[in-house]
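Before any comments, here is the structure.
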Amino acid sequence: MISVTVIAKNSQATLSRCLNSVKNIADDLVVVVDPATGDDTARIAKELGARVFYRPFDDFSSQKSYCLSKTRHDWVLSLDADEWISHQLAGQIVTAISSEKYAAYKIPRLNIIFGRPINYSNWSPRDDTHIWLFKKSASTWQGQVHEEIAVRGPVGELTGLKYHLNYTSVDQFITRLNLYTSREAESSRMYVHPLTDFFRRFIWHQGFRDGWHGFFLSYLMLIYHLSAWVKSKNITTS
């Protein structure tokens with residue numbers, strides 16, 4: 001038995017694909033919608049069999065923790081509204097939750113950015129592998145921006161992909177950049193030097209093999225880290 005959780009806001013364009021990808025394995029669908037949503041996100045979720053709850057967004061961990069609190073089963077798969085799972089991963093999940101060997105599983109995620117799957121640039125599935133399938137009784141969400149699950153127990157790893165329709169435009173990237181860097185500047189997070197991050201992504205993680213997408217993403221992340229650093233200086237000197 002497994003619950004699938006999704007937090008959503010203005011997600012009518014992607015939510016159907018997300019929920020349909022798990023319809024054959026989920027015994028319980030939980031969608032938490034930000035009340036500021038102005039589209040048909042909630043209606044779509046309900047039509048696809050989800051239990052819908054409303055909570056104003058404050059940070060990702062709190063929103064996902066609230067979503068987790070509404071689940072009915074101990075095994076939980078966490079998705080975002082712009083994500084979906086492969087058929088291969090769906091089969092692996094069914095097998096994984098039938099075993100008591102692990103308390104959680106890491107899942108690789110393939111990011112589709114500006115319309116193209118990214119295989120390098122530190123955005124690849126091998127780099128973007130995290131715990132998204134876990135036992136509720138052994139897990140806790142942590143982190144305001146780049147949230148992660150902390151697990152008490154052994155962690156396995158699946159090979160099937162979770163897909164992420166990530167940034168679809170530069171405007172969307174800049175909007176999220178402003179939100180995320182402001183939250184990071186308010187925290188005690190350590191900052192990566194912008195140039196170090198650029199060369200790490202473009203050279204060490206072979207971003208050049210993603211072509212112009214790799215160069216552009218490495219450059220945008222340089223701007224991201226520079227913005228976070230500048231904002232943190234403004235806060236600490238005010």
Worksheet entry | Residues that are charged (D, E, K, R) and either within 13 Å of the chain's Cα centre (by Cα) or surrounded by fewer than 14 Cβ atoms within 10 Å (Cβ to Cβ) (or both), drawn from the range 117-142 | Arg126, Asp128
Fill in: Residues satisfying the stated conditions in the range 42-77, i.e. over 18 Å from Asn24 (Cβ atoms) and either within 18 Å of the chain's Cα centre (by Cα) or not assigned by TED's automatic domain parsing to the domain that holds Glu148 (or both)
Phe57, Asp58, Asp59, Phe60, Ser61, Ser62, Gln63, Lys64, Ser65, Tyr66, Cys67, Leu68
Worksheet item: Of all residues in the range 192-222, how many are surrounded by fewer than 17 Cβ atoms within 10 Å (Cβ to Cβ), at pLDDT below 90 and under 19 Å from Tyr167 (Cα atoms)?
Response: 1
Worksheet entry | Any chance Lys231 is closer than 30 Å to Glu100 by Cβ and surrounded by 16 or more Cβ atoms within 10 Å (Cβ to Cβ) | no
Worksheet item: If the Cβ limit is 8 Å and pairs must be 6+ apart or interchain, which residue in the range 119-132 that is among the hydroxyl-bearing types (Ser, Thr, Tyr) pairs with which residue that is assigned to a loop (DSSP other than H, G, I, E, B)?
Response: Tyr120/His205; Tyr120/Gln206; Ser121/His205; Ser121/Gln206; Ser124/Ile118; Ser124/His205
Discussion item. For the list (1) out of contact with any Phe, Trp or Tyr (no Cβ under 8 Å at 6 or more places or on another chain); (2) touching a residue at least 12 places away in the same chain (Cβ under 8 Å); (3) under 24 Å from Val52 (Cβ atoms), I need the number of the one condition that Glu83 fails.
Written reply: (1)
Response to the item:
Counted residues in the range 36-48 being under 22 Å from Ser65 (Cα atoms) and modelled with pLDDT of 95 or more come to 4
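The values are calculated or read from the model by the stated rules, or taken from the named source; none is laboratory data. Computed from a prediction, not measured in an experiment: that's the story for all the values here. Quick reminder, even Gly has a Cβ in these numbers, built from the backbone with ideal geometry, and neighbours come from all protein chains shown.
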